[in-house]
Amino acid sequence: MADSSLFLPDLSSRTDVTPFFDQQTNTFSYVVKDPQSPACAVIDTVMDIDYAAGRISYKGADAIIRHVEAAGLTVEWLIETHVHADHLSAAPYIQERTGGKLGIGANIVQVQEIFGKIFNEGTEFQRDGSQFDRLFREGDSYTIGSLRGHVMETPGHTPACTSHIIGDAIFVGDTLFMPDSGTARADFPGGDARMLYRSIQRLLALPDEIRVYVCHDYGPNGRKVLFQTTVGEEREHNIHVGRNSNEDDFVTWRLQRDASLAMPKLIIPSLQANMKGGQLPLPQDGGRRFFKVPINGL
């Protein structure tokens, strides 16, 4: 894994970021625009689901599409920072209407192998990441108009987590939360608390000025929901991994904390769809689609 000093963010380029918040799952999606052209990327989208009724809709995704169309933007990328366990991706729905390539970290193949077995997907489920247009690896780059995105592998929450430096901003998925919320859990199959700590330390070695955009916020202690901080603020004030943190203490605390947490409400449908690039299960007889529930599998 490359040292974070090898990544050279373009701090002279202030990336244009528009957030979209899904209240049901406390998820932030982002439209990231090149300031010099209509090109943009869409990061970590959400498909709406009424789980109890088994109904899906696209209110949040449609809001992103309306924004793209109203601003005359061209979607070049749809990026998933990882396989989300708390919401379903709307990337295929948006891609069908706006175009763009769908990308995720190359270690998606590990996630597909783990959860392909848990959900008994069978041999027809390809565990090679072929459901995505691009599998990002450490040090990869890509363009959004005149902007260049750089990929950092930041595993720990999941094996396939990546963080994306785009101009003067970095999109960290669930690897980091706001400073007063700390870090994400690391107890899902394939997660690793020690690896999470080391990934975060690489992020905290980046320049102070880089704007950090998180995927979730829950407004702890009654504060309003927030989505953006900086590397410097995280290094100084993150309650789990800030300046006075210790790796062994973090791992011990994280394991104890995670053992007390319930599974996310939408983990079963989310994993089944998201490990396939957001695609819903194939129709069965009569055209109906079904998610599986593994008994004692998670």
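Restricting to the stretch 108-141, count the residues that are of a type in the set (S, T, N, Q) and under 19 Å from the mean Cα position of the chain (by Cα).
5
Just checking, does the stretch 200-209 include any residue being closer than 17 Å to residue 236 by Cα and buried (at least 24 other Cβ atoms within 10 Å of the Cβ)?
Yes, the stretch 200-209 has at least one match.
Would it be correct to say that residue 94 is crowded, with 24+ Cβ neighbours inside 10 Å, at pLDDT 95 or above, outside any strand (DSSP E or B) and of a type in the set (A, V, I, L, M)?
Here the answer is yes, as residue 94 does meet what is asked.
Does residue 243 satisfy the condition of being in a helix (DSSP H, G or I), within 27 Å of residue 170 (Cα to Cα) and touching a helix residue (DSSP H, G or I) at 6+ places or on another chain (Cβ under 8 Å)?
Taking the combined requirement at face value, the residue does not satisfy it.
Do you know which residues across the stretch 100-119 are surrounded by fewer than 22 Cβ atoms within 10 Å (Cβ to Cβ) and assigned to a strand (DSSP E or B)?
Once the filter is applied, which keeps residues that are surrounded by fewer than 22 Cβ atoms within 10 Å (Cβ to Cβ) and assigned to a strand (DSSP E or B), the stretch 100-119 yields 101, 102.
With the requirement that a residue be assigned to a strand (DSSP E or B), over 22 Å from residue 268 (Cα atoms) and not polar (S, T, N, Q), what does the stretch 69-91 give you?
Scanning the stretch 69-91 gives 75, 76, 77, 78.
Applying the selection to the stretch 18-67, what residues are in contact (Cβ under 8 Å) with a residue 12 or more places away in the chain, over 29 Å from residue 143 (Cα atoms), in a strand (DSSP E or B) and not aliphatic (A, V, I, L, M)?
48
Quick check on residue 290: is it modelled with pLDDT under 95 and among the hydrophobic types (A, V, I, L, M, F, W, C)?
It is true that residue 290 is modelled with pLDDT under 95 and among the hydrophobic types (A, V, I, L, M, F, W, C).
State all residues of the stretch 185-200 that are closer than 15 Å to residue 153 by Cα and of a type in the set (Lys, Arg); if no residue qualifies, say none.
194, 198
For residues in the stretch 21-58 being among the aromatic types (Phe, Trp, Tyr) and surrounded by fewer than 20 Cβ atoms within 10 Å (Cβ to Cβ), which is nearest to residue 268 (Cα to Cα)?
Checked the stretch 21-58; the qualifying residue nearest to residue 268 (Cα to Cα) is 51.
Go through (1) over 17 Å from residue 17 (Cβ atoms); (2) touching a residue at least 12 places away in the same chain (Cβ under 8 Å); (3) not polar (S, T, N, Q) one by one and return the number of the condition residue 148 breaks.
Only one criterion in (1) over 17 Å from residue 17 (Cβ atoms); (2) touching a residue at least 12 places away in the same chain (Cβ under 8 Å); (3) not polar (S, T, N, Q) is unmet by residue 148, namely (1).
Select from the stretch 60-79 the residues that are closer than 15 Å to residue 19 by Cα and of a type outside the set (A, V, I, L, M, F, W, C) and write down the one among them that is surrounded by the most Cβ atoms within 10 Å (Cβ to Cβ).
By that ranking, first place goes to 60.
The values are calculated or read from the model by the stated rules, or taken from the named source; none is laboratory data. Note that this is a predicted model, so its numbers are computed, not measured. Counting neighbours? That spans all protein chains shown, and the Cβs are built from the backbone with ideal geometry, glycine included.
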